[in-house]
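What follows is a single structure, written as structure tokens, with notes after it.
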Amino acid sequence: MLNSAKTNNLNVTPKTHRMNTILEQAVKFHQDGLLADAEKLYKKVRKSDPKNIIALQLLGVIAAEKKDFALSLNFFSRAISLQPSYADAFYNRGNVYKTLQRYNEALSDYQSTIELNPCNFRPYFSRGNIYRELGEFAKAIPDYTQSILLGCDDPEVYCNRAVILEDLGQLDGALSDYDMAVDRSPKNPDILTNRANLLMKMKCYNQAILDFNKLLSDKPQEQAFLNNRGICLRELCKFDL
């Protein structure tokens, strides 16, 4: 996901108070999903101040949201060339490279983001996702852990780490992470399914049944859930339910 429209933490201001007001309104439009209105105002700011890196960066965000990735990369790269310490531009360009599966370039940009702003959890999370896709689990786990330590509370980070831990046979750690993910997203069917299947693997059948019951409350005819709940009941010798 691209970093949202932001103007904080930058030592750059538009040339005039009026341009600053226009830029703030553009960001508000952007945050409200009014991309055409935001884009129009960003371009107006750039016409007055062609080197305004905030407007450049946010035009790059809009281009990426419109899936014009070549234009997006151009905007981000121009912003970086004007201010090489612009962490958001590195992070967002890394996200575009990741979308394009240009993983080496994405990893390089995430590393630059971390060096510029080591307290931001997002590049660790994003880099961990790439390492997971590449099967480099020994690198993915520390990145997920670091993102959590820095304040990431996204259920996906716990779920992704749990999947890796389960693959590595670290079932207790995986279950703990699935619990954390479910706490943050109690009705997410993918997370519930993963936890239920792990509980079956760990022979914790009563707990697994509880998760399958939750899943079946939304999809009462789902054969996989019915079958797995049946297996759990059989293992518990509860044949009359």
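The values are calculated or read from the model by the stated rules, or taken from the named source; none is laboratory data. It should be emphasised that the depicted structure is a prediction, and the values quoted were computed from it without experimental measurement. Counting neighbours? That spans all protein chains shown, and the Cβs are built from the backbone with ideal geometry, glycine included. All accessible areas refer to the heavy atoms of the entire protein, side chains included, with ligands and DNA or RNA removed. Shrake-Rupley method; radii C 1.70, N 1.55, O 1.52, S 1.80 Å.
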Please find, within the stretch 100-111, the residue that is farthest from residue 80 (Cα to Cα) out of those that are open to solvent by less than 60 Å² (accessible area, probe 1.4 Å) and free of Cβ contacts under 8 Å to residues at least 24 places away in the same chain. 107
Just to be sure, is residue 140 closer than 30 Å to residue 17 by Cα and either without any contact (Cβ under 8 Å) to a residue 60 or more places away in the chain or out of contact with any helix residue (DSSP H, G or I) (no Cβ under 8 Å at 6 or more places or on another chain) (or both)? no
Taking residue 119 as the residue in question, decide whether it is outside any helix (DSSP H, G or I), hydrophobic (A, V, I, L, M, F, W, C) and open to solvent by 40 Å² or more (accessible area, probe 1.4 Å). yes
Only one of 182, 163 is in contact (Cβ under 8 Å) with a residue 12 or more places away in the chain, within 23 Å of residue 103 (Cβ to Cβ) and under 24 Å from the mean Cα position of the chain (by Cα). Can you tell me which? 163
Among the polar types (S, T, N, Q), open to solvent by 30 Å² or more (accessible area, probe 1.4 Å) and under 29 Å from residue 106 (Cα atoms): does that describe residue 146? yes
Can you tell me how many residues in the stretch 127-144 are over 21 Å from residue 188 (Cβ atoms) and assigned to a helix (DSSP H, G or I)? 9
Pull up the stretch 5-26, narrow it to residues that are surrounded by fewer than 20 Cβ atoms within 10 Å (Cβ to Cβ) and at pLDDT 85 or above, then point me to the one that is farthest from residue 96 (Cα to Cα). 21
Restricting the search to the stretch 39-53, which residues are of a type in the set (A, V, I, L, M, F, W, C) and either part of a loop (DSSP other than H, G, I, E, B) or modelled with pLDDT of 90 or more (or both)? 41, 53
